[in-house]
Structures are given as C-alpha cells and as structure tokens.
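Have a look at the structure below before the remarks.
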Amino acid sequence: MEFKLNIGPHGTDDRVVPLKEDVLYDVIIIGGGPAALTAAVYCMRKGVSTGLVTMDFGGQLSDTSTVENYMGYSYITGVDLASKFREQVQQFEIAVVEGKKADSIEDGREKKLRLEDGSVFSARTLIITTGKSWRRLGVPGEAELTGKGVAYCAICDAPLFAGKRVVVVGGGNSGIESAIDLAKIAEHVTIIQFLAELTADKILVDAFSAFTNTTVMYEHEVVEIKGELRVESVMVKNRATGAVSELDAQGIFIEIGLIPNNALVKGLLELNEFGEINVDCACRTSLPGIFAAGDVSSVPFKQIIIAAGEGAKAALSACEYVLREP
Ligand SMILES: Cc1cc2nc3c(=O)[nH]c(=O)nc-3n(C[C@H](O)[C@H](O)[C@H](O)COP(=O)(O)OP(=O)(O)OC[C@H]3O[C@@H](n4cnc5c(N)ncnc54)[C@H](O)[C@@H]3O)c2cc1C
C-alpha cells in the first residue's frame, strides 16, 4: 500500500510558490521574523492571496540561544523555534521572495513594493514587520572589520574568542550578558562604558563582578577599531580628559542596543521619537492599507510572543481592510 504525506494546512510539505510581478496580491508581508510568519499563517487561513518578502527566515530568533518564555515551550532554541514557525508557514501555498531586501514603497490604491534588485510587486495592503537590527558604533574600522573580530552577537560568536583579549562596548543588560559569556572563555574582557556606572540589572552586575579577568573603563568611548586583516587594537577616548589610549584586543563586541529597520518607510509613514512606526491598537499606520507589527512598530515591549500576537492582529486588520475596501 502506498502512503502519502498529509499536505495542506496540517501537513509538513513545502508548498511555497514564487511571488509574481504580474499579480495583484491582497496582502504582502515584509519581514521573516515572528511577526511576519504569524501574519502569514493568519492571512493564508483567511484565504486572502498573500506574498512574503524577506531577507531571511527567523529574524532575531536566529541570534537567540534559548527561549524560555514562548508559551507551549518551556525551553526551545531560537533556531528551532524559527524553523517551527517556517514549517508552519510552508504548509500553505504562500508566494515568497527570500534573501532579498525591500527597498521602497509607492502608496496608492495599489501599493507597489520595489526590491533592491529592481523587481516590483503589487498589493492592496502591506504589513511591515521589518523588526530591529544591532546598533552600529559608526567609527572607522567597524564596517571593514565586521566578521573579522568585530561582532554584535555574543550568543553567536563568543566561542570564536576563546583565549583572546576582547572588548565589549556597552554597560547595559546586553553588554554585561555578553561580557559574562566572554569572561568564561576569553583571556581578558574590557568593558567600555559611556556613562559613569553600569546600567545593567543588579543581578547581572553581581554575576559579572565574580570574574577576575575583567576591567571596566567608565566614561570612555571607542573612537577607532584598528587591524589589517583582523582586529588588532581598539582606540578609546576618556570622555572626561579627552585622552586617547590603545587597547590590545583581537575582538570587539558592540552591545549598544537595537534600532528599528525603518529605512523602507522613512518619509512615508509616521514614526515615533525612537524611529518606530506609529501604530494604533489594530496595527494601522498613518496610511490606509499599510499595517505594521512587531519590533519595528511603536507597540510597547519587544518580545517574541508580542511580535507574534501583533502579527496576528495586523493580518486580521489587513484582511478586514481587503474585505471592506472595494
Ligand atoms: C539576542 C536576543 C535575544 C532575545 N531573546 C528573547 C527571548 O528570550 N524571548 C523573547 O520573547 N524575545 C527575545 N528577544 C526579542 C525577540 O527576538 C524580538 O522581539 C522578535 O524577534 C521581534 O520579531 P519581529 O518579527 O518583529 O522582528 P525581527 O525578529 O527583527 O525580524 C525582522 C525580519 O525582517 C526582515 N527584514 C528587515 N528589513 C527588511 C527589508 N527591507 N526587506 C525584507 N526583509 C527585511 C529581517 O531579515 C527579519 O527576517 C531577543 C532578541 C535578541 C536580539
């Protein structure tokens, strides 16, 4: 007897199809994190024609070691949760462009979404879920040496710096968490803190204080990262005296927070003081037919479960718009 896999909304097959330029979709979702993938499932289950444009599947989940606060899983790795989200989306015949960046939007009754490669897709509604990215220092050497000793995610890259001298920029929660991970394996960790004190939670500062291979340089800032092929040293400036000194280091982790990926909608949608897209309680933005959800939006608290919930809400709002607007 021949058995067939159960395809469709409850199966495991990949039914994804390419997004087409000559089709007017009901909804196009931009992003591939928890907000986007949840929105995709909701749109497909509502039966509207749906496209998804994303640079990757997973978003920040790919930088997250373990997740212990997403309901249904008391413990799951970020990568595993991302692949579960992806599998759930792929059970539907959704139209996808993966690995490309959405570049600009032309508003109108039909929204035009232009990608960086020049292709243009059309939809009656858009859901923006472009999330957040690591904030850069913007100093000489940073861009050139990224991936060559300049890193942003200790969870991902700390093991590469075992036995090395490392600088961590930032004394907030992410900086101290990274410093703790690194202090376990690196020869020495120097924290460069802009302010006169660490701003991380006390429990983290206490845990960090237990290490003896660490230094904190308060009221300092990084002014340059030096190295030929890889990071060799970091130039830091004392903000009180202006004195510049050179630290011997083979790695630098920049842990100064995340910024919203708003380039796609800057000048088009209303943003708040943090550069997040202003949304109302139904994920509506300042333009009719354009919705936003997750970390790129002004919704308070940036968490997976919140991004997923907002993605669901944005999808239902977009579907309602499609139904009501002729
Ligand atoms: C290190 C770390 C650990 C975390 N740990 C937890 C945790 O334990 N629990 C928890 O609840 N939350 C945690 N978070 C927060 C959580 O990951 C985020 O709140 C969540 O991922 C936000 O989802 P999102 O879909 O809004 O955006 P993101 O996850 O940022 O996804 C954005 C997506 O949009 C895509 N994109 C961006 N711009 C474009 C463009 N122009 N064109 C096409 N695609 C684009 C990106 O490639 C990405 O796929 C953590 C975050 C980090 C960084």
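The values are calculated or read from the model by the stated rules, or taken from the named source; none is laboratory data. This one's a predicted model, so the numbers in the text were calculated from it and none came from an experiment. When we count neighbours, we look across all protein chains shown, and the Cβ atoms used for this are built from the backbone with ideal geometry, even at glycine.
Here's the yes/no breakdown for (1) in a loop (DSSP other than H, G, I, E, B); (2) modelled with pLDDT of 95 or more; (3) closer than 14 Å to ASP26 by Cα:
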{"residue": "SER104", "(1), (2), (3)": "no, yes, no"}
{"residue": "GLY118", "(1), (2), (3)": "yes, yes, no"}
{"residue": "ALA123", "(1), (2), (3)": "no, yes, yes"}
{"residue": "ALA143", "(1), (2), (3)": "yes, no, no"}
{"residue": "PRO159", "(1), (2), (3)": "no, no, no"}
Unique match (being of a type outside the set (A, V, I, L, M, F, W, C), in contact with an Asp or Glu (Cβ under 6 Å, 6 or more places away or on another chain) and surrounded by fewer than 17 Cβ atoms within 10 Å (Cβ to Cβ)) among ARG135, ARG124, ARG114: ARG114
For VAL216: the one exception among (1) assigned to a helix (DSSP H, G or I); (2) closer than 30 Å to GLY242 by Cα; (3) touching a strand residue (DSSP E or B) at 6+ places or on another chain (Cβ under 9 Å): (1)
Any hit, the stretch 130-144, residues being within 21 Å of the chain's Cα centre (by Cα) and within 30 Å of ASP22 (Cβ to Cβ): yes
Complete set of residues in the stretch 234-258 that are over 30 Å from the mean Cα position of the chain (by Cα) and polar (S, T, N, Q): ASN238, THR241, SER245
Qualifying residue in the stretch 56-75 (condition: in the same structural domain as VAL265 (by TED's automatic domain parsing) and in contact with a Lys or Arg (Cβ under 6 Å, 6 or more places away or on another chain)): yes
Failed criterion for GLY251 (all others in (1) within 23 Å of TYR25 (Cα to Cα); (2) small (Gly, Ala, Ser); (3) touching a helix residue (DSSP H, G or I) at 6+ places or on another chain (Cβ under 9 Å) hold): (1)
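Here's the yes/no breakdown for (1) within 16 Å of the chain's Cα centre (by Cα); (2) of a type in the set (A, V, I, L, M):
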site: ARG15; (1), (2): no, no
site: GLU21; (1), (2): no, no
site: LEU24; (1), (2): no, yes
site: GLY32; (1), (2): yes, no
site: ASP56; (1), (2): yes, no
site: GLN60; (1), (2): yes, no
site: THR64; (1), (2): yes, no
site: GLU68; (1), (2): no, no
site: ILE76; (1), (2): no, yes
Test: residue in the stretch 1-12 that is at pLDDT below 95 and either in contact with a helix residue (DSSP H, G or I) (Cβ under 9 Å, 6 or more places away or on another chain) or outside any loop (DSSP other than H, G, I, E, B) (or both): yes
Criterion: in the same structural domain as VAL67 (by TED's automatic domain parsing) and either closer than 30 Å to CYS283 by Cα or in contact with a Phe, Trp or Tyr (Cβ under 9 Å, 6 or more places away or on another chain) (or both) - qualifying residue of ASP117, ASP157: ASP117
Some residue of the stretch 79-93 being hydrophobic (A, V, I, L, M, F, W, C) and either in the same structural domain as ASP157 (by TED's automatic domain parsing) or part of a strand (DSSP E or B) (or both): no
Conditions (1) within 20 Å of SER178 (Cβ to Cβ); (2) within 16 Å of the ligand (Cβ to nearest atom); (3) surrounded by fewer than 19 Cβ atoms within 10 Å (Cβ to Cβ); (4) not aliphatic (A, V, I, L, M); number of the one not met by PHE211: (2)
Residue within the stretch 316-326 that is surrounded by fewer than 23 Cβ atoms within 10 Å (Cβ to Cβ) and part of a loop (DSSP other than H, G, I, E, B) present: yes
Residues of the stretch 140-156 classified as surrounded by fewer than 19 Cβ atoms within 10 Å (Cβ to Cβ) and either within 15 Å of the ligand (Cβ to nearest atom) or within 17 Å of ILE192 (Cβ to Cβ) (or both), total: 5
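For residues that are assigned to a loop (DSSP other than H, G, I, E, B) and among the hydrophobic types (A, V, I, L, M, F, W, C), scanning just the stretch 36-56, find the one that is farthest from the ligand (Cβ to nearest atom).
Top of the filtered list is VAL48.
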Sole exception among (1) within 22 Å of LEU61 (Cβ to Cβ); (2) surrounded by fewer than 20 Cβ atoms within 10 Å (Cβ to Cβ) for ILE277, by number: (2)
